[in-house]
1. Would it be correct to say that Val56 is surrounded by 21 or more Cβ atoms within 10 Å (Cβ to Cβ) and β-branched (Val, Ile, Thr)?
2. Mind telling me which of the residues Pro98, Pro69, Pro80 ends up being in the same structural domain as Tyr135 (by TED's automatic domain parsing), over 21 Å from His36 (Cβ atoms) and not basic (Lys, Arg)?
3. Conditions first: (1) surrounded by 15 or more Cβ atoms within 10 Å (Cβ to Cβ); (2) over 25 Å from Asn245 (Cβ atoms); (3) without any contact (Cβ under 8 Å) to a residue 24 or more places away in the chain. Ala139 passes all but one, so which condition is the exception?
4. For the subset of segment 300-316 comprising residues that are farther than 15 Å from Asn245 by Cβ and free of Cβ contacts under 8 Å to residues at least 24 places away in the same chain, which member is nearest to the chain's Cα centre (by Cα)?
5. Scan segment 81-98 and give yes if some residue there is among the acidic types (Asp, Glu), free of Cβ contacts under 8 Å to residues at least 24 places away in the same chain and farther than 26 Å from Ser197 by Cβ, otherwise no.
6. Looking at segment 168-189 only, could you name the residues that are closer than 18 Å to Asn28 by Cα, touching a residue at least 60 places away in the same chain (Cβ under 8 Å) and of a type outside the set (A, V, I, L, M)?
7. Go through segment 88-110 and report how many residues are within 14 Å of Ser11 (Cα to Cα) and either crowded, with 19+ Cβ neighbours inside 10 Å or of a type in the set (Gly, Ala, Ser) (or both).
8. Considering only segment 77-114, state which residues are assigned to a helix (DSSP H, G or I) and β-branched (Val, Ile, Thr).
Amino acid sequence: MTDRMIPIYRSLAEIPADFGPHVAAIGNFDGVHLGHRAILSGAVEDARDRGVRSLVITFDPHPERFLRPEVAPKMLTPIPERLRLLVATGVDAVLVLPFDSSLANMRAEEFVQRVLVEILHVCALHEGGNFRFGYHAEAGVEELRGFGAAYGFAVHVHRAVRVHGLEISSSAVRGFVAAGDMKRARWMLGRPFAVRSTPARGRGIGTRLLVPTVNLAVYEALLPAFGVYVTQLTVGSRCFQAVTNVGNRPTFEGVGFGVETHILNFEPIDLNEETQLELEFLLRLRGEMTWPSPEALKAQIFKDVARAQRYFRLRADA
């Protein structure tokens with residue numbers, strides 16, 4: 001993953017007065033999946049052909065979390081991770097628009113005229129076919145084409161991307177992750193589903209990690225279904241094979257919810273409560289179960305570890 005340095009604007013007020021013409025793409029881009037990347041690649045290539053810069057416009061919070069928080073989905077990518085992934089697509093700049101009542105109540109044509117034309121000087125837009133915008137999502141791509149003709153910018157509408165016969169969308173990816181189907185989620189994302197977090201306080205966490213188990217700190221975005229997974233844990237430049245349990249650990253009453261990762265090829269490493277961790281979910285081994293005794297759980301853990309080790313051996317030989 002690249003760490004390119006590009007401008008990231010957090011509001012329209014931060015846009016410089018000499019902001020030149022841009023080819024833009026607008027969307028939530030949760031997950032930055034293969035469908036999103038096709039749209040963004042089109043915008044980047046179009047900008048290069050025109051001799052201008054490319055811009056991606058996204059929102060924070062997700063509009064659903066502002067408009068309907070009680071039913072809004074958990075995000076695949078919290079905003080820091082979404083920005084990291086968007087930067088890696090090759091765009092020249094990112095604008096994060098705060099989604100508030102002012103933006104929610106803005107009519108579609110006002111958004112086009114005031115934001116896209118007068119402030120951002122958009123000369124072309126790239127969108128997916130289901131793109132909607134404006135007050136109560138009043139306008140779609142056909143209205144956008146009309147605005148483009150009236151205000152002098154091109155509109156390119158991209159077809160939905162399909163993989164293994166499945167149409168890619170953020171909601172589809174969320175559904176697969178929530179069901180623990182890491183294979184289909186990976187198909188759509190173009191990479192393993194991953195969580196970026198820090199270690200929870202507890203055993204083994206100090207200036208060194210001296211035990212092969214890491215618990216993730218409280219994580220508010222989407223996690224896979226309860227169960228046991230083959231995972232890969234990245235700590236700095238080190239990458240470890242692992243098995244992770246997501247769930248309430250019902251065999252031990254009162255322990256409560258956790259994301260607990262057991263490192264298979266463990267060695268002591270520097271780790272504290274601020275250390276950034278990336279946990280990739282590769283394969284679901286089984287659902288969460290209540291075992292009759294700690295001994296029965298221990299026997300199952302040995303089986304889980306053996307299956308995970310076999311997974312990594314087969315992947316190494318592939």
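1. When the stated conditions are applied, Val56 passes them.
2. Pro69
3. (3) is the only condition that Ala139 fails.
4. Arg315
5. no
6. Across segment 168-189, the qualifying residues are Ser169, Ser170, Ser171, Arg174.
7. 6
8. Passing the criteria: Ile79, Val87, Val112.
The values are calculated or read from the model by the stated rules, or taken from the named source; none is laboratory data. All values reported here derive from a predicted model rather than from experimental measurement. Cβ: placed from backbone, ideal geometry, glycine included. Neighbour counts: every protein chain shown.
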